[in-house]
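The values are calculated or read from the model by the stated rules, or taken from the named source; none is laboratory data. Please read these numbers as outputs of a predicted model, since none were measured by experiment. We place every Cβ from the backbone using ideal geometry, glycine too, and count neighbours over all the protein chains shown.
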Amino acid sequence: MNTDVQVDVAVIGAGPGGYVAAIRAAQLGLRTAVIEKEFVGGTCLNVGCIPSKALLDASYLFSQIKRAAVFGIQVDGASVDFAAMQRHKAKVVRALTTGVRGLLKRHGVEQLTGTARFNAAGVLDVESADGAGVVRADNIIVATGSVEAELPGVPFDDNVVVSSRGALELERLPGRLVVVGAGYIGLELGSVYSRLGTEVVVLEMMDRVLPEMDAEIAATALELLRKQGLDIRLGARMSAVQAEGDAARVHYSVEDDEATVEADRVLISIGRRPATSGLGLDAIGVETDDRGFIMVDHGMRTGVPGVYAIGDVIATPMLAHVAMDEGVVAAECIAGRAAAMEYDSIPAVVFTHPELASVGLNEDEAELRGYSLKVGRFPFRGNGRARARDDMEGWVKVIADADTDAILGVHCVGPEAGHLIHEAVVAMGYGGYAEDLASTVHAHPTLSEAFKEAALAVDGRPLHV
Ligand code: FAD
């Protein structure tokens with residue numbers, strides 16, 4: 001790398017938060033550099049959102065091909081070439097990460113390879129295989145993301161005990177996979193392998209799956225995933241993994257009963273923690289909270305002038321789209337614009353089948369905040385297009401304030417929920433009412449009509465139940 005670089009803005013980390021922040025800063029006329037130690041595109045493009053969706057889409061297609069007879073299509077002898085599926089995934093990742101490099105170049109962002117560390121508030125030391133250098137910047141955005149959390153006593157061994165990263169890169173389909181943790185990553189990757197023929201057991205310590213989702217919606221997902229063959233065991237606390245050559249025996253307990261389950265691979269997906277180690281934050285006085293997340297205000301400013309933080313490294317939803325928007329806000333604040341992040345209508349999606357999607361408050365949260373609620377529900381069974389696709393499992397729930405009719409939250413489990421949720425996101429973003437959704441004309445026959453019906457149901461007048 002260049003030994004001494006001087007810019008207006010230096011961004012540490014080229015994940016979705018960092019690369020978007022860099023592009024926006026450059027658009028605003030700021031001389032910008034981004035420093036990346038491992039892979040442009042970060043976790044999301046290389047070992048997260050994108051590769052997992054490539055495998056989810058491929059495995060879903062296989063599951064559909066196997067049931068094509070429902071639609072009068074005979075397919076004999078369909079089988080999986082897992083190596084080819086992995087090559088497809090790698091090709092998608094390559095195309096997108098090359099695209100991000102191109103975008104940075106087109107916007108005139110200087111791309112530096114190396115590991116950055118604060119020397120002082122406006123000065124970074126950068127180390128790379130080619131040597132060391134210094135980057136001086138009036139403003140520095142920390143966008144270093146997160147890393148997989150390990151279970152004490154059960155380290156990843158990149159063979160039998162794997163993180164999500166390892167689980168995305170398996171060379172062969174495991175016969176038996178144990179997933180520890182029924183959050184979205186565990187259930188998405190569990191779904192991939194289950195669809196491809198692996199026996200999947202999911203051990204979840206809590207009495208429910210997807211703790212961040214609305215409880216009723218998550219309960220429907222649990223039922224449907226179990227029906228698909230995922231063996232999800234709740235209240236199951238894993239205690240040890242005993243490696244036995246190329247396999248393992250996983251010990252766990254349910255209340256006072258001890259049990260074991262055998263596995264060829266064990267995926268530990270119990271969450272992620274902010275990547276701050278080695279950054280030298282203490283030395284310059286950047287504060288972190290008790291879980292290690294960097295503390296920022298709504299303009300992404302830390303307490304140290306000229307130092308900003310965005311994405312998974314701060315205590316906001318660990319999602320790529322959140323990181324990207326935080327990156328835009330940080331860049332705009334640096335350029336002197338009045339920008340602030342707003343977190344009330346952030347969508348969250350789980351890409352199992354059916355998908356789960358949500359925005360805003362769930363019922364428990366809304367009640368805790370003292371709202372009296374009106375709730376409208378509508379099942380996809382009553383939707384013509386869902387029936388045409390033979391994809392009728394799931395439903396939509398619209399939660400509104402009983403006093404004002406304002407939409408407080410929308411939750412959905414069903415086909416294409418991840419796409420559909422955005423009409424609710426936009427409605428909430430504009431401070432919409434349930435009546436706004438209910439009185440909007442929706443094209444027929446589309447899955448989106450289920451959202452209109454759920455909004456009508458808020459007022460007790462759905463048309464198709
Ligand atoms: P990251 O993407 O983690 O990028 C941080 C970058 O900083 C990395 O490239 C890292 O190498 C670099 N870096 C770290 N330290 C330094 C340093 N000192 N010097 C230089 N570079 C450094 N989110 C969604 O919204 N939708 C999904 O469907 C989804 N699926 C996921 C599936 C999986 C399996 C996983 C693991 C995550 C998924 N996520 C998803 C979460 C998403 O990947 C993250 O929220 C997102 O990547 C966060 O972006 P970021 O820019 O903050 O950090």
Practice task
Report those strands (runs of 3 or more DSSP E) wholly inside the range 263-330 carrying at least 2 residues which are farther than 27 Å from VAL178 by Cα.
Solution key: 307-309
Fill in the blank from the handout: Among residues of the range 119-144 being part of a strand (DSSP E or B) and among the acidic types (Asp, Glu), the residue farthest from VAL9 (Cα to Cα) is GLU127
Fill in the blank from the handout: Residues in the range 412-433 that are of a type in the set (Val, Ile, Thr) and surrounded by fewer than 19 Cβ atoms within 10 Å (Cβ to Cβ) total 2
Exercise for the section: Only residues that are without any contact (Cβ under 8 Å) to a residue 40 or more places away in the chain and either of a type in the set (A, V, I, L, M) or part of a loop (DSSP other than H, G, I, E, B) (or both): list them for the range 145-199, please. Expected result: PRO152, PRO155, ASP158, THR198
Practice task
Would you be able to say whether some residue in the range 193-203 is surrounded by fewer than 18 Cβ atoms within 10 Å (Cβ to Cβ) and within 15 Å of the chain's Cα centre (by Cα)?
Solution key: no
Problem - Scope the range 252-296; condition among the aromatic types (Phe, Trp, Tyr) and not assigned by TED's automatic domain parsing to the domain that holds GLU188; matching residues - result: PHE293
Practice task
Working carefully through the options LYS53, LYS37, find the one that is of a type outside the set (Gly, Ala, Ser), within 30 Å of GLY131 (Cα to Cα) and either out of contact with any helix residue (DSSP H, G or I) (no Cβ under 7 Å at 6 or more places or on another chain) or surrounded by 15 or more Cβ atoms within 10 Å (Cβ to Cβ) (or both).
Solution key: LYS37
Handout entry: Check on GLU223, acidic (Asp, Glu) and within 16 Å of the ligand (Cβ to nearest atom)
Key = no
Practice task
Having 1 or more residues that are over 27 Å from the mean Cα position of the chain (by Cα) and of a type outside the set (S, T, N, Q) is the bar; report the strands (runs of 3 or more DSSP E) wholly within the range 364-465 that clear it.
Solution key: 373-379, 395-401
Handout entry: Among (1) within 23 Å of THR352 (Cα to Cα); (2) assigned to a strand (DSSP E or B); (3) of a type outside the set (A, V, I, L, M), the one test that ARG249 misses
Key = (1)
